[in-house]
Amino acid sequence: MQMTAAQALIRCLELEGVEVIFGYPGGAILPVYDALCQSGNIKHVLVRHEQGAVHAADAYARATGRVGVVMATSGPGATNLVTGIANAYMDSIPLVLVTGQVPTSQVGTDAFQEVDITGITMPITKHNYLVKDAKRLPAIIKNAFHIASTGRPGPVLVDLPKDVAAETIDFDYPKTVKLRGYKPTYSGHRTKILEAADLMMKAERPVIYAGGGILNSGATAELMDLAEVLSAPVTNTFMGLSGFPGDHPLFLGMLGLHGTRYANLAVTHCDLLIALGARFDDRVTGKISSFAPGATVIHVDIDPAEIGKNVRVHVPIVGDVRQVLRGILAHLKKKDRSGWLEQIRQWKEQYPLTYVRDGRFKPQAVIEKLSRHTRGEAVVATDVGQHQMWVAQFFRFKHPGTLISSGGLGAMGFGLPAAVGAQIGLPDRLVILVTGDGSLQMTMQELATAVDQKLPIKIFVLNNSGLGMVRQLQELYCDRRYMATRFKFVPDFALLAKAYGLAGHTVKSEEELDRLLPGVLSSPETVIVNCLVDPEENVSPIVPAGHGIDQAIDC
Amino acid sequence: MRHTLAVLVENNPGVLARVAGLFSRRGFNIDSLAVGRTERPDVSRMTIVVEGDDRVLEQVTKQLHKLVDVIKINDITPDEYVDRELVLIKVNCEPARRGEIMQVADVFRARIVDLGRKTVTVECTGNEGKINAFEESLRPYGIKELVRTGKIAMLRGNRSTSLDGKKDDE
Ligand SMILES: Cc1ncc(C[n+]2csc(CCOP(=O)(O)OP(=O)(O)O)c2C)c(N)n1
């Protein structure tokens with residue numbers, strides 16, 4: 001069938017089952033928006049800044065397990081995507097991004113609104129394409145979706161010059177991909193699987209260290225089986241949170257920099273570390289030579305380059321965590337480990353995760369209340385900072401994929417657009433945003449998108465009138481020389497809500513919050529709750545820079 | 001230790017930038033990189049000489065493999081292979097001393113490819129050691145300009161690192 005490449009692009013998206021595009025139009029992508037308008041089968045969410053489009057698509061992907069799709073124009077539209085692309089890349093989130101480009105004849109001439117976006121995004125995309133031949137477009141889109149969603153997922157960018165988009169082609173969507181340089185390994189090596197199972201049966205003090213790969217491969221049921229069969233405690237990385245139920249007796253919480261002491265102690269003293277879809281990030285390991293010093297390490301990951309990158313691994317298994325775990329489980333027998341579990345119980349008792357209740361309005365209390373009131377039945381998006389760590393520490397996640405947060409990049413401004421994307425992907429779920437007054441001010445413009453789309457997001461601002469996380473670092477490492485971490489002015493977020501026609505509340509105490517919460521959580525509207533919390537509060541415990549994770553201090 | 005990698009890549013625009021960007025971004029040290037076409041028009045071959053211990057090399061190989069345009073990587077360092085490099089050297093030379101330079105060139109089976117009023121340009125092919133020695137022999141005359149291609153390499157005998165070839169094919 002004859003059509004323009006722009007029409008072909010939309011047709012490809014339809015055939016890929018795309019239901020929603022997050023985007024922002026402009027001159028260079030005009031033909032594509034025109035084709036989108038004529039097709040009418042795909043919903044377009046108009047954001048207020050391209051960064052918001054990527055974060056929203058990213059959260060949509062995390063919430064639904066589908067590929068997030070983004071559109072933006074050339075030049076500034078494309079550069080506004082960069083933070084969001086890097087974020088998706090670091091957290092292995094499948095995205096396909098289409099950018100408009102100046103016409104081919106002008107490429108390379110510093111034309112109006114020209115940037116080399118394929119060059120700029122080379123280190124932060126799994127792959128990218130500049131479409132020079134309109135006939136190749138369908139195959140490129142096919143490849144883009146395949147690359148984005150298989151293996152270790154990630155963002156793929158397709159840069160489409162305006163003249164190419166307008167060319168007429170004979171449309172034919174390929175059924176298969178032809179990529180000889182791209183063949184992810186899914187099933188683990190058999191002998192390694194047997195070796196791993198053998199070690200698991202023999203170990204006396206095993207710990208399961210589970211990362212985002214558990215969620216990406218849908219291995220949460222297998223993880224649970226493994227933990228219960230082995231009677232092995234489970235710690236999650238930040239990215240792995242919600243991959244194991246927060247109230248399970250074998251759960252140790254998060255490990256690492258702001259991890260629980262008992263998770264960090266268990267890892268330090270284990271004799272077998274079972275790393276599943278995790279990448280030994282520096283925030284997890286602390287001083288690397290003191291990380292699980294006496295342990296044999298089994299590392300399962302779909303990305304071979306992660307295995308052996310930061311630590312020495314004894315049993316490397318390249319493959320999909322779910323498939324590999326199924327293979328391993330077939331060789332395991334129920335194991336009792338009362339001694340080790342008793343030790344862990346003692347650590348939990350001795351070093352509970354807690355905070356000082358001194359009558360001031362504590363941010364941790366807000367998270368505990370949210371967790372209790374929702375019984376974990378919420379999707380929680382966060383921004384970046386102290387509030388994010390308090391969510392990680394104090395929210396008890398119940399269902400896989402219910403924490404939506406910027407892990408690897410730690411990008412402030414992720415939260416609000418992420419809540420938008422998550423709520424669009426899951427219209428019937430309760431979506432809560434926990435943000436800080438700093439982070440919210442980075443992408444606050446997306447409130448308008450939430451209103452446009454009638455999204456009943458519940459926004460809790462843990463308002464400490466400043467950049468709490470950095471203030472804490474200055475308290476710790478700069479002798480309390482506070483520099484550029486207190487805001488002289490913070491907008492009244494409850495009044496801001498009014499400007500958008502939304503309900504807004506300011507609360508100053510736990511009691512006020514208690515009174516307000518049931519109504520807010522059951523409201524069908526978008527609500528902002530501005531919580532004026534103790535600005536001095538710190539995230540505790542913390543592993544001081546350069547120390548082993550068993551050296552955490554209270555803070 | 002230095003390793004020689006034979007890397008087959010899609011003959012796509014930007015593939016060199018992807019590979020070069022990867023090396024600089026991850027702090028891998030490239031000694032040399034030579035790229036050109038192969039027996040197949042859709043495949044290019046890079047010969048990359050990289051410095052590093054086994055762990056670095058493992059990362060280099062794995063990271064290269066993550067590039068969608070990289071099809072096949074072989075570390076041929078421990079194997080028997082032929083390697084060649086080409087150098088062009090322009091040497092200061094008054095017409096009266098041309099004979100001397102020609103003699104040096106003869107020893108290395110190099111060829112004079114151009115003459116200027118006060119210079120001679122010579123071409124030499126060989127493995128890295130030979131090219132180094134040739135360069136040293138000409139240095140006393142004053143090297144005005146020098147350019148090396150970087151090495152290319154191929155396994156000896158029936159074995160091959162081409163697209164369908166097997167390294168351990170006998
Ligand atoms: C885009 C961006 N800029 C800077 C930082 C560094 N940074 C990390 S946390 C933080 C403070 C966050 O403040 P806020 O959102 O109010 O959260 P709080 O820590 O107070 O809970 C800053 C500035 C960052 N992570 N991201």
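The values are calculated or read from the model by the stated rules, or taken from the named source; none is laboratory data. Given the structure is predicted, the values throughout are model-derived calculations rather than measurements. No Cβ is skipped: glycine too gets one built from the backbone with ideal geometry, and neighbour counts run over all protein chains shown. Note: areas computed on protein heavy atoms with side chains; ligands, DNA, RNA excluded. Shrake-Rupley method; radii C 1.70, N 1.55, O 1.52, S 1.80 Å.
What to note about this one:
- Some residue of the stretch A:411-433 being aromatic (F, W, Y), more than 15 Å from the ligand (Cβ to nearest atom) and more than 21 Å from A:F489 (Cβ to Cβ): no
- Residue that is farthest from the ligand (Cβ to nearest atom), among those in the stretch A:451-462 that are open to solvent by 10 Å² or more (accessible area, probe 1.4 Å) and outside any loop (DSSP other than H, G, I, E, B): A:D452
- Contact annotation: residue pairs with Cβ atoms under 7 Å, 6 or more positions apart or on different chains, pairing a residue in the stretch A:174-193 that is more than 14 Å from every other protein chain (Cβ to nearest Cβ) with a partner that is surrounded by 14 or more Cβ atoms within 10 Å (Cβ to Cβ) and in a loop (DSSP other than H, G, I, E, B), are A:Y186/A:G319; A:Y186/A:D320; A:S187/A:G319; A:G188/A:G319.
- Among the conditions (1) away from the ligand (no atom under 16 Å from the Cβ); (2) under 25 Å from A:A266 (Cα atoms); (3) in the same structural domain as A:L433 (by TED's automatic domain parsing), the only one that A:H373 does not satisfy is (2).
- Here B:I71 fulfils each of the conditions (1) closer than 30 Å to A:G151 by Cβ; (2) away from chain A (no Cβ under 14 Å); (3) in a strand (DSSP E or B) apart from (2).
- Which numbered condition A:D492 misses (of (1) closer than 20 Å to A:K362 by Cα; (2) surrounded by 15 or more Cβ atoms within 10 Å (Cβ to Cβ); (3) more than 13 Å from the ligand (Cβ to nearest atom); (4) over 23 Å from the mean Cα position of the chain (by Cα)): (2)
- Among (1) aliphatic (A, V, I, L, M); (2) touching a His at 6+ places or on another chain (Cβ under 6 Å); (3) assigned to a helix (DSSP H, G or I), the one test that A:L265 misses: (2)
- In the stretch B:55-64, the residues that are at the interface with chain A (Cβ under 7 Å from one of its Cβ atoms) and in contact with a helix residue (DSSP H, G or I) (Cβ under 8 Å, 6 or more places away or on another chain): B:Q59, B:K62, B:Q63
- The lone criterion from (1) assigned to a loop (DSSP other than H, G, I, E, B); (2) away from chain B (no Cβ under 14 Å); (3) closer than 22 Å to A:C12 by Cα left unmet by A:V98 is number (1).
- When A:A448 is tested against (1) farther than 15 Å from A:P491 by Cα; (2) within 12 Å of the ligand (Cβ to nearest atom), just one condition goes unmet, and that condition is (2).
- Total residues in the stretch A:310-361 satisfying the condition of being open to solvent by less than 60 Å² (accessible area, probe 1.4 Å) and without any contact (Cβ under 8 Å) to a residue 60 or more places away in the chain: the figure is 3.
- Residue in the stretch A:107-130 that is of a type in the set (V, I, T) and either modelled with pLDDT under 95 or closer than 19 Å to A:T4 by Cα (or both) present: no
- Of all positions in the stretch A:154-171, none carries a residue that is under 25 Å from the mean Cα position of the chain (by Cα), open to solvent by 30 Å² or more (accessible area, probe 1.4 Å) and in the same structural domain as A:Y33 (by TED's automatic domain parsing).
- Yes/no for A:Y355 being within 16 Å of the ligand (Cβ to nearest atom) and among the hydroxyl-bearing types (S, T, Y): yes
- B:A105 meets the conditions (1) within 14 Å of another protein chain (Cβ to nearest Cβ); (2) of a type in the set (G, A, S); (3) in a helix (DSSP H, G or I); (4) open to solvent by less than 30 Å² (accessible area, probe 1.4 Å) in every case but one. The failed one is (1).
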